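Participant: Take a look at this one; I'll ask things after.
The values are calculated or read from the model by the stated rules, or taken from the named source; none is laboratory data. These numbers come from a predicted model, not from an experiment. All Cβ positions, even for glycine, are placed from backbone atoms using ideal geometry, and neighbour counts span all protein chains on display. For accessibility, only protein heavy atoms count, side chains too; no ligands or nucleic acids. Shrake-Rupley method; radii C 1.70, N 1.55, O 1.52, S 1.80 Å.
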Amino acid sequence: MGRLVIVSNRVAVPKRGDAPAAGGLAVALKDAFSNRGGLWFGWSGTALADPPDVVKHARRGGVDYAVIDLPQEAYDGFYAGYANSALWPMFHFRLGLLSYDRDQAECYRRVNRRYAKKLLTLLRPDDTIWVHDYQLIPLGAELRALGSRHRIGYFHHIPFPPWAVFSAMPGGEDLIRDLLAYDLVGVQTHRDLTGLMDCMSQGTGMKMRAGGEVRFRGRRTRFRAFPIAIATDEFAELSAHSITQPDARRFEASLVGRSLIIGAERLDYTKGLPERLRAFGALLERFPEHRGRVTYLQVAARSREDVETYKDLKREIEHLAGRINGDYSDADWTPVRYVGRAVQRDTLAGYYRMAQVGLVTPLRDGMNLVAKEYVAAQDPENPGVLVLSRFAGAAEGMPEALLVNPLDAVGVAEAMNAALTMPLDERRERHAAMFRRLQAHSVTGWAKSFLDALERPDTTETTHSRAAALSVFQPRVLARSASTSSDSSSEDSFVSQVADLSTARAKRLL
Ligand code: GDG
């Protein structure tokens, strides 16, 4: 078997002697790499006015890393420009934020060509290549143009909108056609697969055959949903350990018995942070019994600070948090605690476990791993409740969460109230169903199912794609309830009905 070659935009080479990375792709690929050896290729994270034209190599934990620096102007046009100011908003349905510049679009192609040229010098004929995410959509086509006959797969981590949205992007047809250079294209959910199929047929005129494949110029490209997962048991252990540590103890003591609601993400407009703060304000306004009794901790790790929209967002969030605190604080109670930087992963795991409510309300999200981590982190005997946006990919596989429309502040406030007052039995039942499903679909299994489908196309029908296919669209039912129920006393009984529905469905799934 040939090597596995991973290509991702940003490659964080672990420092010598560091513990292996605790999250993300590194964990997902650990088994795949250890079975066959591998190479991880991408951008070093360094942009210089005139970088040396060399590939830097390092070997860590059995994996070879090969990274290149980017010229500053390429970084500006490709990364801050086209990828994050045009593709990112478009893929997240935010056409009003899409800022297109033809020079930047050309720069995106040039950088992909540069990656392809460098990568080709490192490849062996029997390597399998797995490309990750929207920064690198044309990479497969650029490799083919240079003569590559490798097996190449692409996984798209973020949402895939239908053509009505995608077509706003100048040159959108070319991006869709680029996908046909791959042997396998993976997306997170069935909703994304539907969007992609729509783009394929309306944007290029090509129809997907039964079984999700397109034939073009003698190549067969297959399209499948592979919902990404987490290392559930490891995360559960991490949170159980972390809660006993001094950091967590100190934080818990500072709550003086109040309930905790937690939100944690990169500071990004797709994550719905202003909307969430407004919903928390609505909770305090409409359910005064929670005033003085609940603390909302929002961790918002800085992200993409060189993009203007992100600076505006930061100001808006700080303003909203300040206003809620101004309106409701007492001398001994601050309702919103806002931490504007990343916290350590283990500390975060402990905070999740302490929180009675996990508030995960993106406006759009490919999957959202925080939702899964929050559930994994709970004490099964006394678990917290997940309030989850129906627009997160995670909602397709987590019908036992309280699913909400994040744009409906009152609906989200009602769901928070339902979560804060939910009886223990119901919390346990909901948590157990989600936890079992998380355990059954590990992140290692996710990587394996993608690679099996890529390398053994005619013999595999993956567990992940089967699970995704079984997923019915329960989210709509739940979202309707959370937003139409104005009588908070009826919320519990509604929630119980949903729990029954969900349990029946979960049994079918398992
Ligand atoms: C993209 C897609 C898709 C958050 N705050 C801190 C921190 N985090 C960690 C979380 C989680 C990760 O960052 C975020 O993952 P998400 O999935 O939520 O979101 P994106 O970064 O936007 O990822 C997304 C994902 O790719 C995978 O396919 O699910 O839809 O947008 O692990 O725990 N970690 C630490 N400190 C923090 O303050 N250490």
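Participant: In segment 122-138, which residues are within 16 Å of the ligand (Cβ to nearest atom), closer than 20 Å to residue 58 by Cβ and either in contact with a Gly (Cβ under 6 Å, 6 or more places away or on another chain) or in a loop (DSSP other than H, G, I, E, B) (or both)? Even if it seems obvious, please write down each step before you answer.
Facilitator: Taking segment 122-138 first, the residues within 16 Å of the ligand (Cβ to nearest atom) are 130-137.
This time we only want the ones that are closer than 20 Å to residue 58 by Cβ, so: 130, 132.
Once the filter is applied, which keeps residues that are within 16 Å of the ligand (Cβ to nearest atom), closer than 20 Å to residue 58 by Cβ and either in contact with a Gly (Cβ under 6 Å, 6 or more places away or on another chain) or in a loop (DSSP other than H, G, I, E, B) (or both), segment 122-138 yields only 130.
Participant: Return the residues of segment 299-312 that are within 14 Å of the ligand (Cβ to nearest atom) and in contact with an Asp or Glu (Cβ under 9 Å, 6 or more places away or on another chain); say none if nothing qualifies.
Facilitator: 299, 300, 301, 303, 304, 310
Participant: Out of all the residues in segment 325-343, which are in contact with a helix residue (DSSP H, G or I) (Cβ under 7 Å, 6 or more places away or on another chain) and away from the ligand (no atom under 16 Å from the Cβ)? Quick ask: steps written out before the conclusion?
Facilitator: Let us first name the residues in segment 325-343 that are in contact with a helix residue (DSSP H, G or I) (Cβ under 7 Å, 6 or more places away or on another chain), namely 328, 334-336, 338.
Result: 328, 334, 335, 336.
Participant: Just the residues that are part of a loop (DSSP other than H, G, I, E, B), among the charged types (D, E, K, R) and over 18 Å from residue 300 (Cβ atoms), please, taken from segment 349-393. Before the answer, list the steps.
Facilitator: Step one: list which residues in segment 349-393 are part of a loop (DSSP other than H, G, I, E, B), which gives 355-356, 361-364, 366-368, 378-384, 390-391.
Applying the additional criterion that residues be among the charged types (D, E, K, R) yields 364, 379, 381, 390.
Scanning segment 349-393 gives 379, 381, 390.
Participant: Test residue 307 against the stated conditions and say whether it is in the same structural domain as residue 271 (by TED's automatic domain parsing), among the hydrophobic types (A, V, I, L, M, F, W, C) and closer than 19 Å to residue 360 by Cβ. Give the derivation first.
Facilitator: Details: in the same structural domain as residue 271 (by TED's automatic domain parsing): yes; among the hydrophobic types (A, V, I, L, M, F, W, C): yes; closer than 19 Å to residue 360 by Cβ: no.
No; evaluated as a whole, the condition is false for this residue.
Participant: Residues 168, 141: which one is touching a residue at least 60 places away in the same chain (Cβ under 8 Å) and either among the small types (Gly, Ala, Ser) or within 16 Å of the ligand (Cβ to nearest atom) (or both)? Walk me through it before giving the result.
Facilitator: Numbers: 141 fails: touching a residue at least 60 places away in the same chain (Cβ under 8 Å).
Unique residue meeting the criteria: 168.
Participant: Shifting gears a bit: Take the residues in segment 213-254 that are assigned to a loop (DSSP other than H, G, I, E, B) and more than 20 Å from the chain's Cα centre (by Cα); name whichever of them is nearest to residue 396 (Cα to Cα). So that I can check it myself, show each step before the final result.
Facilitator: Initial filter on segment 213-254 (assigned to a loop (DSSP other than H, G, I, E, B)): 217-218, 226-231, 243-245.
Cutting the leftovers down to more than 20 Å from the chain's Cα centre (by Cα) gives us 217-218, 243-245.
On the way: 217: 35, 218: 35, 243: 30, 244: 33, 245: 34 Å.
Filtering first and then ranking leaves 243.
Participant: Given (1) more than 10 Å from the ligand (Cβ to nearest atom); (2) under 19 Å from residue 355 (Cβ atoms); (3) of a type outside the set (A, V, I, L, M); (4) not in a helix (DSSP H, G or I), identify the lone condition not met by residue 265.
Facilitator: (1) is the only condition that residue 265 fails.
Participant: Go through segment 413-439 and report how many residues are of a type outside the set (A, V, I, L, M, F, W, C) and closer than 20 Å to residue 263 by Cβ. Even if it seems obvious, please write down each step before you answer.
Facilitator: Residues of segment 413-439 of a type outside the set (A, V, I, L, M, F, W, C): 414, 417, 421, 423, 425-431, 436-437, 439.
This time we only want the ones that are closer than 20 Å to residue 263 by Cβ, so: 414, 417, 421, 427, 430-431.
Of the residues in segment 413-439, 6 are of a type outside the set (A, V, I, L, M, F, W, C) and closer than 20 Å to residue 263 by Cβ.
Participant: Please determine, by comparing only the residues of segment 333-342 that are at pLDDT 95 or above and assigned to a loop (DSSP other than H, G, I, E, B), which one is surrounded by the fewest Cβ atoms within 10 Å (Cβ to Cβ).
Facilitator: The residue in question is 334.
Participant: Next question, about the same structure. Just give me the residues in segment 344-366 being more than 8 Å from the ligand (Cβ to nearest atom), open to solvent by 30 Å² or more (accessible area, probe 1.4 Å) and more than 16 Å from residue 412 (Cα to Cα), in sequence order.
Facilitator: Matches in segment 344-366: 346, 351, 353.
Participant: Considering only residues that are within 14 Å of the ligand (Cβ to nearest atom) and over 16 Å from residue 231 (Cα atoms), which ones fall in segment 367-389? Reasoning before the result, please.
Facilitator: So the first thing to find is which residues in segment 367-389 are within 14 Å of the ligand (Cβ to nearest atom), and the list is 367-377, 386, 388-389.
Correct list: 386, 388, 389.
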